[in-house]
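No lab work stands behind these numbers, since they all come straight from the coordinates. Given the structure is predicted, the values throughout are model-derived calculations rather than measurements. Here Cβ is always computed from backbone atoms with ideal geometry, including for glycine, and neighbour counts include all displayed protein chains.
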Amino acid sequence: MDLTLTTREVDGTTVVAVGGEIDVYTAPKLRDTITEVVASGSYHVVIDLEAVEFLDSTGLGVLVGGLKKVRAHDGSLRLVCTQDRLLKIFRITGLAKVFDIHDSADAALAAR
C-alpha cells in the first residue's frame, strides 16, 4: 500500500493528514513533507494519523524527527490518533508521554 499525504493550513497551524502505511519504504515521503512544512516557516504542526493502517519503527523515527524540527523553532507537533493498535505502539515505546495525542483534528488544533 502507498502513502497519501494532504496538507492544509488552519489558523497558523499546518495539518498533515496521512493515509495508508508508514513504513521503511514510505516514511521518507512523510519526512520530506514535514521538512518542507517547517522550512516554509510553519512551526505548529498537527499530524492526523486517523487513516493510517500501519506504522513501523521507521515511521516512529520520522515523527520523533519532526518533533525535534518544530521544537528547534519553539513550535509544536501534535498527533491525531484514536486507533488502539497505533496507540498501543506509542504506549509500548514510551512515545505516548512524548507526543501530545488527541482524538480529533479539532481537539489538536484547540490545544494550541
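Just to verify a number: FRET efficiency for Asp74 and Thr4, C-beta to C-beta distance, R0 = 30 Å, to 0.05?
For Asp74 and Thr4, the calculated efficiency is 0.50.
5 Å is the cut-off here: which amide hydrogens, built 1.01 Å from N in the peptide plane, fall below it relative to Arg78, excluding neighbours closer than 5 in sequence?
For Arg78, whose amide H was placed from the backbone, the distant partners under 5 Å are Val45, Val46, Ile47.
Starting at the first residue of the range 54-60, write each ³J(HN,Hα) from the Karplus equation 6.51 cos²θ - 1.76 cosθ + 1.60 with θ = phi - 60°, in whole Hz, x for Gly and Pro.
Values, residue by residue: 8, 9, 10, 5, 5, x, 4 Hz.
Under 25 Å Cα to Cα from Lys97, which lysines show up? Leave out anything in the same chain fewer than 8 places away.
In chain and number order, the partners are Lys68, Lys69, Lys88.
In the range 3-105, with Lys and Arg counted as +1 and Asp and Glu as -1 at Cβ, which of these residues, Thr6, Val45, Ala96, has the Cα nearest the positive end of the dipole, that is, farthest along it?
Going by the charge dipole, the pick is Ala96.
Report, in deg cm²/dmol and to the nearest 500, the calculated mean residue ellipticity at 222 nm for the chain, where each DSSP H run with n ≥ 4 adds -39500 (n - 2.57) and the sum is divided by the residue count.
The helix contribution divided over the chain gives -12000 deg cm²/dmol.
Hey, got the dipole for the chain? About the Cα centre, +1 on K and R Cβ, -1 on D and E Cβ, debye to the nearest 20?
Dipole size: approximately 460 debye.
For Glu53, list long-range residues whose amide hydrogen, built 1.01 Å from N in the peptide plane, is under 5 Å from its own amide hydrogen.
Gly20, Glu21, Ile22
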